[in-house]
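Peer 1: Questions regarding the structure given below will be posed in turn.
No value in this document is a laboratory result; all are computed from the given coordinates. Being a predicted model, the structure only gives us computed values, none of them experimental. Every residue, glycine among them, receives a Cβ derived from its backbone with ideal geometry; neighbour counts consider all protein chains shown.
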Amino acid sequence: MPRQNTPPSDYPEIVLQQIKQLGLNIAIARKRRGESQAQWAMGLGVSQPTMARIERGDPSVAMASYVMCISLVNPRSSLAELIAPQHDHSALEKEIARVRCKRSPDKQANPYSASAEEAPPDAGPPGQAGSAISPLKKCHPHRQALAFPASTRVLQRC
């Protein structure tokens, strides 16, 4: 399959603005520490011209170079944490809605609530004694069951 690259000129403006802001913040952090671009470049293992491109917010600089700068400024930060699965609320809502839509209409009420034939919480839905498998696990056995907070908003698109 041929490699497809989007030229930076085709990136959405919001993406370009965020990269420029990231570069500006990196430059401010370096200057506040009283260090030169050459010093940071050496520490990062890049050339001084690449360091200058990072500070300008050049979108063609390797992402790893930006991440290394972030680590220099804040070693405890985690870029990956920004989009960790547990923080992807949109996908979570879609998964919940998909599971709810697959259920039959007579099971649209919460089968785990106390009013549903007073079943104990680990007994599963009424009529399926001993079944404690989550609806997500039943529909998608290859997926790990997720624990959803009670405050999770659910969209029903059936």
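Peer 1: If the label point is 7 Å along Cα→Cβ of ILE83, which residues in region 52-66 have backbone nitrogen under 17 Å from it?
Peer 2: What the label zone holds, given the 17 Å backbone N cut-off, is 59-66.
Peer 1: Quick check: residue separation of LYS20 and SER47 times 0.36 nm, minus the Cα distance between them. What number comes out in nm?
Peer 2: Length gained, LYS20 through SER47: 7.8 nm.
Peer 1: Tally Lys/Arg at +1 and Asp/Glu at -1 over every other residue whose Cβ is under 10 Å from the Cβ of GLN39; what's the total?
Peer 2: Summing Lys/Arg as +1 and Asp/Glu as -1 gives +1.
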